[in-house]
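All remarks here apply to the structure that follows.
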Amino acid sequence: MPEQPALALPSYLNPHELGPWGNYLEQVDRVAPYLGGLSRWLDTLKRPRRVMIVDVPVELDDGTMAHFEGYRVQHSMARGPGKGGVRYHQDVTLSEVMALSAWMSIKTAAVNVPFGGAKGGIRLDPRRYSQRELERITRRYTSEIGLIIGPQQDIPAPDVNTNGQIMAWMMDTYSMNVGATVLGVVTGKPISAGGCLGRVGATGRGVFVVASSAMRDAGMSIPGARVTVQGLGNVGGTAASLFHEAGAKVIAVHDHTGVVHQASGLDIPALRAHVGRTGGVAGFPGVDTPTPDEFWALDTDVLIPAALEGQITRRNADMIKARLIIEGANGPTTPEADDILDAKGVIVVPDVLANAGGVTVSYFEWVQNASSFYWSEEEINTRLDVIMHDAYAAISTSATEHKVSLRTACFITACTRILEAHQMRGLYP
Ligand code: NAD
């Protein structure tokens, strides 16, 4: 038989040209040696299953016309419908949405919820548009991607700069187009429109659950442990409160307005109330105010980056004194920083595991919408705790077995689950 030419990647997937997508391809290549016979299927993870680019034309409030570029990428649907948020940001690119969709495939498989991975976005700065304009943009975008989303196809959710209101508009638009109320087409909806109790705090709660397990494994106890947190929003705020309630000392918080530090432990309820009133931690009374650089160098036991991507880099990784890093944010640690931390013996619980509480409770929302039977918040939190705890335990065992980091173990577990599904389903036609 003549030798087949090597499979060339389509030009739009070239790892040398595409930042976030290139990083993802590198992460997948790193797990190839651990996949045995499944590696035959690995190329399916190196390209999205389906990419949709849509024009979103809208009449603005002043009567002028504007066009926005929108995307929906379905990376893998081998294990179930696509799942992933919709981001509204002026810097959204196809490469970024592709990478985020792939990381959703890894995340849903790592915690073993029956979804694939998808992501969407519109390239716009939402602060420049009125609520009425955002509603029209959202509704037109939803109609355009309506061809490929649906409760059994692909289920969007909130991401950066999108929220429950936007999800309610998306659900309503899809429902109007199909002629029936379809609650399960998106998650992260307001409670009054089919949402799920506990969804808002779910990601922070998941961060706390995996942090507790990782601390126990490292021989650390929560009462008295020193914790530092970057970002006191939805994720960091919930995690900080749970640590505070469990007796840990949250000694420093760094947000977009500055850093506050108190060696004896900050009063987290008072700090969160201050942030609610003023928009940031700056100006909180009775505390020290180190610089952002000093924040990373603080003597602490647990560090929780829960703000933005690319915060722990080769510039500051060496200063970090924490024994454990729990990644609440998506992509807070660069690959070079990962290597530096690994060499220092710092344990990093990666984003694809640590912040999977949000997608897990999204799964609960979808199940409740499908059955029209709603659970109590206590039931939701208990089920979330079990899934997060079991996922951490399985991945930690795999890391020990393979002698790899928790991040690599997550990718091994997730890629194995996705590729096993591919192999069992076979190739159509
Ligand atoms: P949020 O908007 O509620 O809070 C963001 C926090 O980051 C704020 O405290 C803000 O002050 C801080 N911040 C912003 N810019 C900063 C800067 N330059 N320096 C320091 N701090 C800065 O956002 P969130 O929902 O808490 O999300 C935080 C991270 O978690 C993001 O990476 C997001 O993708 C990720 N995440 C969120 C969820 C979720 O369910 N909300 C799920 C998975 C992952």
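The values are calculated or read from the model by the stated rules, or taken from the named source; none is laboratory data. No experiment lies behind these values; they were computed from the predicted model shown. Positions of Cβ are backbone-derived with ideal geometry, glycine not excepted, and every protein chain shown enters the neighbour counts.
Considering only residues in region 360-381 that are in contact with a helix residue (DSSP H, G or I) (Cβ under 6 Å, 6 or more places away or on another chain) and either modelled with pLDDT under 95 or among the β-branched types (Val, Ile, Thr) (or both), the one that is farthest from the ligand (Cβ to nearest atom) turns out to be ILE380. Sub-6 Å Cβ pairs linking a first residue in region 333-348 that is free of Cβ contacts under 8 Å to residues at least 60 places away in the same chain to a second residue that is crowded, with 20+ Cβ neighbours inside 10 Å and of a type in the set (Asp, Glu), at least 6 apart or interchain, number zero. A search for C-beta distances below 6 Å between a residue of region 306-326 that is over 25 Å from ALA202 (Cα atoms) and any residue that is in a loop (DSSP other than H, G, I, E, B) and not aliphatic (A, V, I, L, M), counting only pairs 6+ apart in sequence or on different chains, returns THR313/THR334; LYS321/ASP299. Name the residues in region 140-167 that are surrounded by 20 or more Cβ atoms within 10 Å (Cβ to Cβ) and either among the hydroxyl-bearing types (Ser, Thr, Tyr) or farther than 18 Å from VAL73 by Cα (or both), would you? Listed by number, the residues that qualify are TYR141, THR142, THR162, ILE166. Looking only at residues of region 89-137 that are modelled with pLDDT under 95 and among the hydroxyl-bearing types (Ser, Thr, Tyr), we find that the one that is surrounded by the fewest Cβ atoms within 10 Å (Cβ to Cβ) is THR93.
If you go through region 168-184 and keep only what is buried (at least 17 other Cβ atoms within 10 Å of the Cβ) and either over 20 Å from LYS107 (Cβ atoms) or touching a Ser or Thr at 6+ places or on another chain (Cβ under 7 Å) (or both), you end up with ALA168, TRP169, MET170, MET171, ASP172, THR173, TYR174, VAL182, LEU183.
Within this structure, THR257 fails the test of being hydroxyl-bearing (Ser, Thr, Tyr), more than 30 Å from SER175 (Cβ to Cβ) and surrounded by 21 or more Cβ atoms within 10 Å (Cβ to Cβ). Among the residues of region 260-314, the ones that are in a helix (DSSP H, G or I) and acidic (Asp, Glu) come to 2 in all.
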